[in-house]
1. Answer with a single label: of [x] 1.04; [y] 1.43; [z] 1.12, which was calculated as Cα Rg over 2.2 N^0.38 Å from the structure in view?
2. Using 7 Å Cα-to-Cβ label points, what is the ASP229/ARG281 separation (nm, one decimal)?
3. State to the nearest 20 debye the size of the charge dipole of the chain about its Cα centre, where the only charges are +1 on K and R beta carbons and -1 on D and E beta carbons.
4. Expressed in nm to one decimal, what extension gain is obtained for the pair TRP398 and ASN352 from 0.36 nm per residue of sequence separation less their Cα-Cα distance?
5. Ranked highest first by average number of other Cβ atoms within 10 Å, how do 177-184, 24-31, 243-250 line up?
6. What full-extension length gain, to one decimal in nm, is calculated for GLN18 and ASN87 as 0.36 nm per residue of separation minus the Cα-Cα distance?
7. Taking the Cα centre of region 171-273 as origin, sum charge times position over the Cβ atoms of Lys and Arg (+1) and Asp and Glu (-1), and report the length of that vector in debye to the nearest 20.
8. With θ taken as phi - 60° and the coefficients 6.51, -1.76 and 1.60, list the Karplus ³J(HN,Hα) couplings across region 308-318 in order, rounded to whole Hz; mark glycine and proline as x.
Amino acid sequence: MIMARVYLSFLGLGFKNQDTGTYKYNSTFYELNGKMSRKTEFVQVAEIDILGANNFDKFIIVTTKKSYEYHFKNNITHQFRELGADNIVSLTIDERMSAEGQWEWFERILELIDYEDELTIDLTHGYRAIPIIFSTAIYFLQKAKSIILKAVYYGAYEQNRDLVPIIDMKNFYIINEWADAVSRLVEDADARKMAEIAQRTNDFQIGELNDDELIKTFDDLTNTLRNIDINNIPAKTKIAIDLIRQKEKNVALTSKVLLGLVRDKFTAIAAKDQIIERYDRQYFHMQLRIISMLLDHKLFMQAYTVMREFIGSIGMIPIEKTKIDSAKGRSLRHRFAEVFVRMLTNNEDSWNFDNQAEKDKEKLIPFYKKLKYLNIESVLREFTVDLVNYRNGFDHAWTSKNEAYPDIEEKGFQFFKKLKKVTCLLEENNILV
């Protein structure tokens with residue numbers, strides 16, 4: 001539900017008459033949406049004449065003290081009322097252009113705009129850079145107050161021109177939302193904003209991103225990341241990267257810049273030409289890159305889950321001919337990876353395995369002893385219990401704790417550093433090939 005339909009404009013001084021020392025705007029006819037206005041010196045009056053005063057609930061005119069005296073008090077208000085415009089609000093701001101002054105008048109304007117208002121803005125006139133500064137604040141209003149941007153008008157006045165066009169620049173402001181959408185994809189692994197904007201963007205604006213195939217591919221990728229479908233992340237990423245490279249061949253510069261941000265961010269976790277099938281060096285390095293990305297995106301629950309599974313994967317190294325993504329491979333992983341984690345989270349003298357788990361532990365014992373001899377087991381024991389504890393906190397929504405641990409991010413990076421150290425030790429001792 002729209003709270004109010006607001007018309008907001010800025011009123012400057014116009015041209016100075018050197019003989020009289022007064023200020024004025026020249027009268028002319030304006031055109032908007034194929035309609036011509038009455039003759040007027042104010043583009044604001046022309047817009048209300050064409051659009052209709054009944055289409056707005058409130059009119060806000062931002063003035064300086066001088067423009068208020070010269071133009072607002074006895075002139076523009078009179079013409080507005082002739083058109084049936086009531087509820088005209090004058091906001092007189094300080095002419096200071098310091099950072100403090102700019103912020104002060106922006107907050108005063110902000111007070112007059114309510115949550116979810118529909119906003120029509122005219123930026124044609126105004127004191128010095130005030131309209132330009134406010135133009136940059138439009139995106140803030142969209143975010144902070146969820147305003148609906150109806151139009152952003154600019155009267156392209158030229159002397160000796162019989163009919164002045166009024167240009168609606170609203171569509172240009174979509175660039176801010178596209179930048180935000182790409183940022184969400186790159187920084188938060190979230191493609192939802194991109195899909196939303198694509199539905200309301202004209203084809204000529206960043207048309208290469210307004211693409212169903214591209215958006216679906218990004219959506220598949222981010223869902224795979226967020227759902228930690230770990231074995232499919234490299235393949236899904238490769239599909240996305242290949243599509244980006246295809247799109248980059250014939251795109252406008254703006255799209256190329258934004259697509260490049262996505263490509264650069266996700267290339268590290270894209271599969272190469274060969275498929276990762278086994279628990280080898282390539283597999284573990286890919287896991288580290290995925291963990292790094294999840295931590296950077298602050299997807300801590302997912303990062304902790306992958307780190308816990310990383311330790312389980314170490315236990316799969318001695319299980320020969322185990323394919324990662326086969327029915328048999330998944331079955332073997334369920335058995336041996338879990339047993340290996342239990343071996344590390346319990347002291348040897350308290351190991352207690354039953355039935356098949358006891359047999360699987362016995363099969364892992366030679367590998368475990370090798371890790372112990374090489375001091376890799378001791379490094380793993382330094383942090384595995386804590387890592388599993390943090391991961392279980394997420395798994396049970398912290399219901400067994402008073403509250404979530406306050407150092408989740410810090411610990412996450414510490415655990416990640418330990419995993420990298422373990423990987424290096426495995427490589428140095430030719431366990432990972």
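Please treat every number below as a calculation from the coordinates, not as lab data. Please read all numbers here as calculations on a predicted model, not as lab measurements. As a convention, Cβ positions derive from the backbone with ideal geometry for all residues, glycine included, and neighbour counts pool all protein chains shown.
1. The calculated read-out lines up with [y].
2. Output for this residue pair reads 3.1 nm.
3. Computed about the Cα centre, the dipole is about 1260 debye.
4. Extra length from TRP398 to ASN352 when fully extended: 13.9 nm.
5. Going by the mean number of other Cβ atoms within 10 Å, highest first, we get 177-184, 24-31, 243-250.
6. Working it through step by step, the gained length comes to 21.3 nm.
7. 240 debye
8. 5, 5, 4, 5, x, 5, 4, x, 8, 4, x
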